[in-house]
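Colleague: Below is a structure I'd like to ask you about.
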Amino acid sequence: MTALSTVDRAIQEDIKEFIAREALAVDERRFRDWLDFLAEDITYDVPLRVVREGLAEWELSPTGRIFQDNKQTLEVRVRRLETDFAWAEQPPSRTRHYVTNVLIDDSDKAGEYEVTSYCLIYRSRGDSIEPNFVSVFRKDLVRRVGDSYQIARRWAAIDQAIINAHNLSIFI
Amino acid sequence: MTTHFENPNMEARLREIRDGIDQGRFPAYVFNNQEIFDLEQEKLFGQAWTFLAHESEIPKPGDYVTRYIGNNNMIVARDEHGEIHANLNMCRHRGNMMCKSEMGNASHFRCSYHGWVYKNSGELIGVPYLAEGYEGKLKRKDWGLVKARIDTYEGLVFGTFNQDASSLEDYLGGFQFYLDLYLKQGPSGSEVHGPPDHWITETDWKIAAENFAGDGYHTPVAHQFGFNLGYFPSSGATHSQGWAASIPGKGHGIGLGHTPGFTPFAGFPEELTAEIKKSLSPDQVEVFSNTRTAVGTVFPNLSFLMQPFSLIPGETGVRFVTMRLYHPIGPGKCEMYSWCLVPKDASDEYKNAAYQAYTLTFAQAGTFEQDDLENWARLTRMAKSSAAKGIEFPYLMGMETERDEHFRGPGHVVKPYVNDSNFRNLWGRWADYLLGEA
């Protein structure tokens, strides 16, 4: 598709800023704030990637998920992180979500936009000199709400089939 | 079987370990040690039955997955007659790895090097320039893929290269009674919900195998959030209650956690509970009716867990089953495989709810899993410390406890749930294998 987006440039700028602020909330571990970036009806999915032959029907499992979350389950994760005994995040991971290649298109519904992006997550743990790198392709649905936006869908496919992190106690 | 040890001190060390286990002691260093790892590869994973796949992962003719026996990559495939085979994923001509995908469907496998072609059963059927090149000297029937023995129980496919190993039935030795809780979730049994999640962790496989052999002791601390926030239906005050069951001399063990006043099979939909009860024996129904959490390990490295988890604090929530395999890839390092097993006959609504409870708690982004791996990776790291070389851990819980004679399941069964009895049996079996005396 070589045609440029028909979405108003000012709206695109706003959505890019919104996405960057969302990443900042996660990376600053303001998880309660982060939940406000997410719509009440959000679907938050990270499918399992399976190493397949080139002609296989799918590489991203239609049923298998690393995350299969909604607002309620994300709140469970956040409530847990707010305790003193979420051991996987004691001491906390230092993350940086580098979001690039953001493309914004109209969806079928007015006020909702299909937003794709590349996201490289750098994660440093404790005294380890070996960070985790998680490279991700995201397909979000971003909804206009009042003066700002909310994410109504996050779908994120991790490029690596076997992820070089002992756990994923972070958000994608 | 006579055993030759390259390091002459090793046999003496293993005998010392073996004796220590019965006295409630086990050394720290074995959880991250090259020599132990090498011995395990040869004497344990080269000899025992190990898990390959669940039959529901390869339901149709031609379906295959690639898995491991020890460090051997295997093609586990269902042939055109429906029979399952496990063959080494290595061309017999020059040894190329033939199948490079984790799963798929194929009637044949063709090597991309010189083009030898095998049926999915492992039979060699195609050799380029057979007449021109081999001048009749090569008989195709002599050069099929290297085949492992396989055997199954209720959908679980196990394999071994050990031609002398006794049957899987004998190997499981009565542990089937407990496995049925996970595998007979209704008349059609259980099935995988999608492919396994797998990832690499700096954790020794033995730590995970022990934990899942019934470590109810760690739960209130390692998974404290679940208790404190009310997502997990147990309380610190009663969490020690329940049973530890192990099959003496076989290594398998299961912890059965009990919550007083808990509705039997709570967390399953009612109609499913009725079906499950029909699939089980009266003794099994009695035992499992008292079970909130069932966490067990099939020796050496296959584990299961069934427990409820609730999104609403204080409620029972949804009961789910996870099956996991700890594939050792180095000392202190393993590849974790994690599946969710759901009842084949259940509604899609329940299957989805169970899968959601599973992803939220287990597999690599699961909250319980995150905490376990954080602890296990640190434990593994410390096990390699030079000062750890001479230290042992206490495995003293329940040393004097008599078998619970009222319990209606097989094996050595003791109360309470918080117990080291299963682990002494597990490590005893492990030492027997390493000594060549299994």
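The values are calculated or read from the model by the stated rules, or taken from the named source; none is laboratory data. Predicted model only: the values in this text are computed from it and were never measured. Heads up, the Cβs are rebuilt from the backbone with ideal geometry, glycines too, and the neighbour counts pull from every protein chain shown. Note: areas computed on protein heavy atoms with side chains; ligands, DNA, RNA excluded. Shrake-Rupley method; radii C 1.70, N 1.55, O 1.52, S 1.80 Å.
Colleague: Among the Cys residues of chain B, which have no other cysteine Cβ under 4.7 angstrom away?
Modeller: B:Cys99, B:Cys334, B:Cys340
Colleague: If the only charges are +1 at each Lys and Arg Cβ and -1 at each Asp and Glu Cβ, what is the size of the charge dipole of segment B:199-274 around the Cα centre, to the nearest 20 debye? Before the final figure, lay out the partial values.
Modeller: Values: 2 positive and 6 negative charges, 36 e Å.
It works out to roughly 180 debye.
Colleague: May I pose another question? What dipole magnitude, in Debye to the nearest 20, does segment B:265-336 give about its Cα centre under +1 on Lys/Arg Cβ and -1 on Asp/Glu Cβ? Show your work: numbers first, answer last.
Modeller: Numbers: 6 positive and 7 negative charges, 56 e Å.
Magnitude of the dipole: close to 260 debye.
Colleague: Let me ask something else. Relative contact order (percent) for segment B:315-404, with alpha-carbon contacts under 8 angstrom and 6 or more residues of separation? Mind dumping the intermediate values first?
Modeller: Numbers: 71 pairs, mean separation 17.7, N = 90.
Contact order relative to length: 20 percent.
Colleague: Now, a different point. With unit charges on the beta carbons (Lys and Arg positive, Asp and Glu negative) and the dipole taken about the Cα centre of segment B:326-392, which residue among B:Ala377, B:Ala354, B:Gln364 sits farthest to the positive side?
Modeller: B:Ala377
Colleague: Which one of B:Gly242, B:Phe265, B:Pro331 has its Cα pushed farthest toward the positive end of the charge dipole of the protein assembly as shown, where Lys and Arg give +1 and Asp and Glu give -1 at the Cβ?
Modeller: Value: B:Pro331.
Colleague: Please state the charge dipole magnitude for chain B, taken about the Cα centre, from unit charges on C-beta atoms (+1 on K and R, -1 on D and E), reported in debye and rounded to the nearest 20. Don't skip to the answer; put the middle values down first.
Modeller: Details: 39 positive and 54 negative charges, 175 e Å.
Around 840 debye, computed over chain B.
Colleague: Can you run phi through the Karplus equation (6.51, -1.76, 1.60; θ = phi - 60°) for segment A:51-66 and list ³J(HN,Hα) in whole Hz, with x for Gly and Pro?
Modeller: So the J values, rounded to whole Hz, are 6, 10, 5, x, 8, 4, 4, 8, 10, 9, 4, x, 10, x, 9, 8.
Colleague: First obtain the Kirkwood hydrodynamic radius of segment B:382-438 from its Cα pairs, then insert it into the Stokes-Einstein equation at 25 °C and 0.890 mPa s, and state the resulting D in µm² per second as a whole number.
Modeller: Working: Rh = 13.6 Å.
Approximately 180 µm²/s, per Stokes-Einstein.
Colleague: What does the C-alpha gyration tensor say about the overall shape of the protein assembly as shown? Classify as rounded when a/c is under 1.5, otherwise prolate if a/b is larger than b/c, or oblate. Spell out each step's value before the answer.
Modeller: Details: a/c = 1.62, a/b = 1.18, b/c = 1.38.
The shape class here is oblate.
Colleague: Turning to a different aspect of this structure: Counting only protein chains, not ligands or nucleic acids, how are B:Lys415, A:Lys71, B:Lys277 ordered by accessible area (probe 1.4 Å), most first?
Modeller: Most to least solvent-accessible, the answer reads B:Lys415, B:Lys277, A:Lys71.
Colleague: Here's something else I'd like to know. Tell me which of A:Ile11, A:Phe31, A:Trp58 sits at the most positive position along the dipole axis of segment A:1-65, charges placed on C-beta atoms (Lys, Arg +1; Asp, Glu -1).
Modeller: Ranked along the dipole, the leading option is A:Trp58.
Colleague: Here are some pairs, B:Lys43/B:Lys415; A:Lys71/B:Lys184; B:Lys278/B:Lys351; which of them have Cα atoms lying more than 23 Å apart in this structure? Don't jump to the answer; show the numbers that get you there.
Modeller: On the way: B:Lys43/B:Lys415 33 Å; A:Lys71/B:Lys184 33 Å; B:Lys278/B:Lys351 20 Å.
In this structure, B:Lys43/B:Lys415; A:Lys71/B:Lys184 lie more than 23 Å apart at Cα.
Colleague: Go from 0 up to the bin containing the longest alpha carbon distance in chain A, width 10 Å each, and give me the % of pairs per bin.
Modeller: 9, 35, 37, 16, 3, 0
Colleague: Normalised by the empirical 2.2 N^0.38 Å for globular proteins, what value does the Cα Rg of segment B:23-109 take?
Modeller: Values: Rg = 16.7 Å, N = 87, 2.2 N^0.38 = 12.0 Å.
Ratio of Cα Rg to 2.2 N^0.38 Å: 1.39.
Colleague: Report the trypsin sites (Lys or Arg not before Pro) located in segment B:397-438 that are in a DSSP loop and have at most 15 other Cβ atoms inside 10 Å of their Cβ, or state none.
Modeller: Details: sites: B:Arg403, B:Arg408, B:Arg424, B:Arg429; in loops: B:Arg403, B:Arg408.
The qualifying sites are B:Arg403, B:Arg408.
Colleague: Would you rank B:Thr50, A:Thr2 by solvent-accessible area, highest first, keeping every protein chain in place and using a 1.4 Å probe? Walk me through the numbers on the way to the answer.
Modeller: On the way: B:Thr50 5, A:Thr2 140 Å².
Solvent-accessible surface, decreasing: A:Thr2, B:Thr50.
Colleague: Indicate the gyration tensor shape class of segment B:175-248 (rounded, prolate or oblate), computed on the Cα atoms with a ≥ b ≥ c the square roots of the eigenvalues: a/c under 1.5 is rounded; otherwise a/b larger than b/c is prolate and the rest oblate.
Modeller: On the way: a/c = 1.43, a/b = 1.25, b/c = 1.15.
Here segment B:175-248 falls in the rounded category.
Colleague: Ok, one more. What list of ³J(HN,Hα) couplings, whole Hz, do you get for segment B:115-129 from phi and the Karplus terms 6.51, -1.76, 1.60, once you set θ to phi - 60° and write x for glycine and proline?
Modeller: These are the phi-based 3J(HN,Hα) values: x, 5, 10, 10, 5, 5, 7, x, 6, 6, 10, x, 10, x, 6 Hz.
Colleague: Anyone know which of A:Ser61, A:Ser128, A:Ser117 comes out most mobile in the 10 Å Cα GNM of chain A?
Modeller: A:Ser128
Colleague: Follow-up question, since we're still on this one. Once you keep just the Cα pairs under 8 angstrom separated by 6 or more residues, what percentage relative contact order results for chain B?
Modeller: Values: 963 pairs, mean separation 95.1, N = 438.
Averaging sequence separation for qualifying contacts and normalising by length gives 22 percent for chain B.
Colleague: At a Cα cut-off below 19 Å, give the aspartates and glutamates reachable from B:Lys277, other chains included and same-chain residues fewer than 8 away excluded.
Modeller: Candidates past the 8-residue exclusion: B:Glu154, B:Asp180, B:Glu191, B:Glu286, B:Asp345.
Colleague: Between segment A:105-172 and segment B:323-388, how many Å separate their Cα centres?
Modeller: If we compute the Cα centre of each part, the gap is 23 Å.
Colleague: Next up: Measure off 7 Å from each Cα along the Cα-to-Cβ vector at B:Ala12 and A:Glu130, then give the distance between these two points in nanometres to one decimal.
Modeller: Placing both labels 7 Å beyond Cα along the Cβ direction yields 3.6 nm.
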